[in-house]
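A short worksheet on the structure shown next.
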There are 4 protein chains.
Amino acid sequence: MTIRLGDNQYGKAETHVVRITKATDTHEIKDLNVSVALAGDFADTHLKGDNTKVVPTDTQKNTVFAFANEPIGEIEDFALKLARHFVNDFESVGRARVTIEEFPWVRINVASKGAANAFMRKGTEKRLAMVTCMRHSEWVVSGLADLVVLKSAGSEFRGFPRDRYTTLEETSDRILATSLMARWRYTSAAVDWAESYSEGRRMILETFANHHSLALQQTLYAMGEAVLEARREVCEIRLSMPNKHHFQVDLSPFGLKNENEVFHAADRPYGLIEGTVLRDDAPDGALAW
Amino acid sequence: MTIRLGDNQYGKAETHVVRITKATDTHEIKDLNVSVALAGDFADTHLKGDNTKVVPTDTQKNTVFAFANEPIGEIEDFALKLARHFVNDFESVGRARVTIEEFPWVRINVASKGAANAFMRKGTEKRLAMVTCMRHSEWVVSGLADLVVLKSAGSEFRGFPRDRYTTLEETSDRILATSLMARWRYTSAAVDWAESYSEGRRMILETFANHHSLALQQTLYAMGEAVLEARREVCEIRLSMPNKHHFQVDLSPFGLKNENEVFHAADRPYGLIEGTVLRDDAPDGALAW
Amino acid sequence: MTIRLGDNQYGKAETHVVRITKATDTHEIKDLNVSVALAGDFADTHLKGDNTKVVPTDTQKNTVFAFANEPIGEIEDFALKLARHFVNDFESVGRARVTIEEFPWVRINVASKGAANAFMRKGTEKRLAMVTCMRHSEWVVSGLADLVVLKSAGSEFRGFPRDRYTTLEETSDRILATSLMARWRYTSAAVDWAESYSEGRRMILETFANHHSLALQQTLYAMGEAVLEARREVCEIRLSMPNKHHFQVDLSPFGLKNENEVFHAADRPYGLIEGTVLRDDAPDGALAW
Amino acid sequence: MTIRLGDNQYGKAETHVVRITKATDTHEIKDLNVSVALAGDFADTHLKGDNTKVVPTDTQKNTVFAFANEPIGEIEDFALKLARHFVNDFESVGRARVTIEEFPWVRINVASKGAANAFMRKGTEKRLAMVTCMRHSEWVVSGLADLVVLKSAGSEFRGFPRDRYTTLEETSDRILATSLMARWRYTSAAVDWAESYSEGRRMILETFANHHSLALQQTLYAMGEAVLEARREVCEIRLSMPNKHHFQVDLSPFGLKNENEVFHAADRPYGLIEGTVLRDDAPDGALAW
C-alpha cells in the first residue's frame, strides 16, 4: 500500500482592496474581495516541508495590492492579469485561479445630483468573476450572487407525486423568492465584460419577472436559456437558487381570512435548486469551475 | 439579606412577516421583522412559576400575523397598533415595546418599467421603528441601520494628543467609511412618518457627503444637527458609527508610489463612535430607548 | 431652540489579542477580544473638529497590545488595568469602559496527556468581563455568553391566559433550550475572579439542570438567586435567555406516533426572556452596564 | 445551436432535527442538520414545468423527521437509510446525496456527575457525514468541520522564493492556527462509524500537536497520512485548512520587547490550504464528493 498526495491548492483568500481613482475631482471607487488559489508542483512542501517553490500567500496579497495601483478596469480583466502573472512568472504554478467579488457602490445624491466623492453601498448583490489560467489555456466565468428576488404572482407548484410522507398541498398561487447565484462561462477572453455582465443580469431579472413559473426548476432553466440566447459569447451558465419559503399564515383560528396576503418568511429548512444550462457545442469547461 | 427580582421583560423576537397587498393587479410588498417585549406585573412567573398573567410569546407572534391581515401602513403606525394592544388589552402589561426592521424592496424593471408583481431587495439598509407604550405615555423612535457610506475626500484627522503608545500619523486626506445606525425620537405620534423618514435619511446622507470632516465625531454631530434643524417633530437623535478603517497600502517596497488610491479595508478592530444630539427642550425620553 | 450634544462615547472595538506565555516549555494561552469606550470632555471634537483631547482609537489599540506584553492574569484585572490607565492618564477621559470576551482553549490530548504547546478551542461559550472606571468609582461585571444548554425533561408551560389570538397548547413536558448570557456585578474589586467565575458558572449550570421549570422566567430567577446565595461578593445578576423553540413534529400523517422524541429546532422567531436578580442592599450600579 | 440542460440537482437543505431518546430515565440527544440533494430524470420540470417526477422538497423534510422517529444511530447509518430510500423508492431519482452535520452535546455536571436530562453544547466542532447513493453504488464520507486548533511552538516557514512583491520575513517560530475541515472516504459501508470517527479525529489532533511543521501543507499531509496509516477502511482524505494568521505585534515603538508572545489575530485575508491524501489503490470516488 502506497499513500500519496492527490489534488491540492493553496492561496490567499479574501484580500479586501478598495481602489479610489482620483484622476479627476470626481472620484471612482472599486471595492473588491480577491481570492487567489494556486496549484502545481507543490509535492515537496507537502512531503518534505521544502518551500523552494511555494509563492507565499503573503506575496500573493502584496501582488493584489500592487496590481491595484494601476487602473483596475473590469474585474474579469483584473483577475486575468493576476492569474496570468502567477502562471507565467512562477514555473511551479501550473494553474492559478483568481476569484473576485465586487461590491457595488453608488454616488450619494446631494440636491438630486451624484456627489463627486461620497458613495453608498448599493444592494446586497455582488458581481463575481472567476478566472482560471493554465500554461496553455484559460477560462473566464462571470456572474452575480446574493441577488434577492421575489414574485408575488405567477408561481405555481402542482402535479408532484405523493407518497406516504407527502403532506404538501398543491398551489397555483404561491410566493416565489430566492437569493440568486448565477455564473456564466465564456468561450473566449475577448469580451466586453461590462456589457456582458449588465445584459446577463438584465436577462435574468426580466425572465424572473415575466416567466410564469410551474416549478422553480423551470424558472431556473428559462433564465439560463435567456442568457444563452441573448449572449453569443456565453456557452454555459450555472444557477443556484435557494427556495426561500414564504408560508401563508393560517389566520382562521382568529376568525380572519388570509387572502393569500400574509406570509411567514422561514429561515430553515429551505429548498435548494441547482442547475446548468449550456450550448451543445460548448468547449470543455470542467477546469473552469 | 433579601434577594429580589429587578427589571425584567420578555417577548417574541424576530417574527418575520411578509405582507403582499393585492388590492389591484399591481402588488405592494412589506417585509418586516417584528420584535415584541413586554414588562409589567410578572413577578409571579419568576418567583412561583405562576403564568396566569403571562401572555405567551406564541400569542404575541400570532397577534403580529393577525394584525398584518389589515393594511400595515407605515411601520411606526403598525408598531403603535401592536404596542397599544398589548398595554390596553392585558392588565399585567405595564410597558410594551415593539421594534420593527423593514427590509426595502424595489420593483424589477422589465423594459425599463417596474414589474407589477416582481421585486428585488434594495440595499443592505433597513428602516427601523421602535415604539414604547405605557399606560399613559408613549414614545416613537424612527431610524435606519446598516447604511454603508464612504467619503473618498474631505476627511482629516489631525491635532490629537500623543502619548507613549501613539504611532498614528496625522492625515489631512483619509477615507471615511461607516455603517450608519441613526435613530430619532419624536415629540408626538402625530407625524407624517414616511416624510420624516425620507427627509431624515436625506439630511443624514447629504450632510455626510457635504461635510468637511475633521473627526468622525464632528460628522456625527453635523448629521444629527441637520436632522434636528430640518425636522421640528424630532427632539433627539442617536447615532452609532463604526469607523471602518481603510488603510493606505505601502507600495514602496515594490518600487511603486501609492497616490492615496489603494487601500486595505480592514475588518477588526474598528473605531466605534456613538453620540446623541438633542434639543434643549426635549421632553424626557429615558424610557423610549 | 438650542441644539446640543448629549451622551457620547468612542473607542476602539474588538482588538483581538492572543497572548502566549512561554515562561516554561509548557505554554499558556489567553485569547481575548478587547473593546474600549471612552466618555468625557469631548464636546470640542463634536462641535469644532478640535481633537486636542481625543485619545486616538489607534492609540487605544496599541495600549491593549502593549499592556498584553505583561502577564495578563484574569480578564477582570486586565480590564481594570486598562480602564484605570485611560481615566488616570488622560484628563479629558471621565469614564472608561473596557469589555473583554475571552475565548476558552484546552490542551490537545496526546496519548491521554495534555500537549505542552498545542491547543483546541473549547466550546462556543465566552467568558466576559466589563469594567467601568470613573475618577472616583469603578464597577466590575463578570459573566459568560453563548452557553448553549438544553433540558429534555423537567420543563412545563401551563396556566397562561388565553385570548382571541392564543393557539398554543399547554404542555407539561417540553424541551427547554437557550443560549445563556449571564453577567453579574460585584460590590468591590477585591475578588478572586477565577473562583467567582467558575463557581458562578457552576451554580448557573447546576440550577438549570436541577430546577423543575414551570416557566423560563422561573428558571432565570432560580439561576440568579443561586449565584447570589452562593457568592457574597456578587450583588446583582442580569440574565438574557432566548427561548430556542423545539417543536414536537406531528408524525401522525405518516401513521407514526411521536412519543415526544422528535423535534424541529426552529431559528426564528424565538422567545426572549431578560431579567435581573439583585440584593436589596445592592449599591447603585446604573453606570456599571 | 442547441441549448440544453446540464447537471442539476435539487433538495431540501438544513432540516434541523433534534432527537431525544427516552428509552430510560437517562435521555440521549442527537442534534442533526440534514440536507438532501437529488439528481436524476428531472428534465421535464426544467423544460416544461411538469412535476410528475419531482419528489417535493417538503416531502424530503417530512421523510427526515419520520425516519428520525426510529433510533438514529450513527449519522452515517442515518444518511445511508435516507439516501437509499430516495434512490430505491423513486424511479426518477438516479442519485441521492444526504449530508449531515451533527452538533455535539455533553451532559451538564451536577455534583460532578452527568445529569440525566440536561445537556450543554460541546465545542464549535461539528461531525460530518455525506452519503451518495446511486442505483448500483454508494459512497460514504465522514469527517469533521470547524475544529479550531493552534500550535504555539513547532511551526516554521522558511526557504520560500522571493520576488519583487515579497516582503514576508522567514520565521522559525510562528503560531500555526487553523479551523480544520477533514473529510475521509471509505472503501465500503461495513464500518464501525463511531470508532472510525473518533480514531480519525484522534490521529488528526495528535499529528497536529506532535508534528514539527515546516509548512502548513506539510502538516496537512502528515495528518492525512496518519489517518490512512491507522485506518484501513479509509482510502482517501481531503483537508481544508485556513491559515488563521497571528501576527507578532511590534512593540518596539513603545520601548518594549515582544518575546514572540503578543499576537494580533487577524480576520482577513487568510491563507487557504487544501489538499487530498489517498491510497494508490483507492477505488474511484469522483462521485462521492
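Readers should treat all values here as calculations from the given coordinates under stated rules, not as data from a laboratory. If you're wondering where the values come from, they're calculated on a predicted model, not measured in any experiment. Here the Cβ positions follow ideal geometry from the backbone for every residue, glycine too, while neighbour counts run over all protein chains shown.
Per the Kirkwood formula on distinct C-alpha pairs, the Rh of region D:10-93 is how many angstrom? Display every interim value, and only then the final one.
On the way: mean 1/r = 0.0711 Å⁻¹.
This gives a value of 14.1 Å.
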#### Entry: Closest Cβ on chain A to the rotation axis that carries it onto D (distance rounded to whole Å)
A:Ala286, 6
### Karplus (6.51, -1.76, 1.60) ³J(HN,Hα), θ = phi - 60°, over region C:266-272, in Hz, Gly and Pro reported as x
8, 8, 9, x, 9, x, 9
#### Entry: Pairwise label distance in nanometres, B:Arg135 with A:Ser240, each label 7 Å out on the Cα-Cβ vector
5.6
### Message
Counting only other chains, and only Cβ atoms inside 10 Å, what mean value do you get across the residues of D:127-139?
### Response
0
### Summary
Compactness check, chain D: C-alpha Rg relative to the 2.2 N^0.38 Å globular estimate gives 1.22
### Message
Output wanted: per-residue J couplings in Hz (rounded whole) for region B:164-181, from phi through Karplus 6.51 cos²θ - 1.76 cosθ + 1.60, θ = phi - 60°, x for Gly and Pro.
### Response
4, 9, 8, 10, 4, 7, 5, 9, 10, 7, 10, 7, 10, 9, 8, 10, 6, 10
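Once you charge only the Cβ atoms, +1 for Lys and Arg and -1 for Asp and Glu, what is the size of the charge dipole of the protein assembly as shown about its Cα centre, to the nearest 20 debye?
0
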### Listed pairs B:Lys30/B:Lys61; D:Lys22/D:Lys81; C:Lys30/C:Lys244 exceeding 20 Å between Cα atoms
D:Lys22/D:Lys81; C:Lys30/C:Lys244
### Message
Under the rule a/c < 1.5 gives rounded, and otherwise a/b versus b/c splits prolate from oblate, where does the protein assembly as shown land using the Cα gyration tensor?
### Response
rounded
#### Entry: Karplus-derived 3J(HN,Hα), 6.51/-1.76/1.60, for each residue of region D:22-27, Hz, glycine and proline x
10, 4, 10, 5, 8, 6
### Query
When each copy gets a label point 7 Å from Cα toward the beta-carbon at C:Ser198, what are the spacings between them in nm, shortest first?
2.6, 6.2, 6.5
### Query
Given labels modelled 7 Å from the Cα in the Cβ direction, how far is it in nm from A:Asp173 to C:Ala116?
7.5
#### Entry: Label zone at C:Glu199, where the point sits 7 Å out along the Cα-to-Cβ direction: region C:132-171 residues whose backbone N lies under 19 Å
C:140-144
## Note on the structure
To the nearest 20 debye, region C:198-289 has a Cα-centred charge dipole, built from +1 on Lys and Arg Cβ and -1 on Asp and Glu Cβ, of 220
## Note on the structure
Placing +1 on each Lys and Arg Cβ and -1 on each Asp and Glu Cβ in region B:154-289, then taking the dipole about the Cα centre, the residue among B:Val262, B:Ala282, B:Ser198 whose Cα reaches farthest towards the positive end is B:Val262
### Value of relative contact order over region C:59-163, rounded to a whole percent, pairs C-alpha under 8 Å and six or more apart
23
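Once every DSSP H run of n ≥ 4 in chain D is given -39500 (n - 2.57) and the sum is divided by its residues, what mean residue ellipticity at 222 nm do you get, rounded to the nearest 500 deg cm²/dmol?
-7000 deg cm²/dmol
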### Per-selection metrics, region C:1-147 (Cα): Rg and Dmax in Å
18.4, 74
### Summary
If R0 = 25 Å, then C:Asn109 and D:Val106, at their Cβ-Cβ distance, give a FRET efficiency to the nearest 0.05 of 0.95
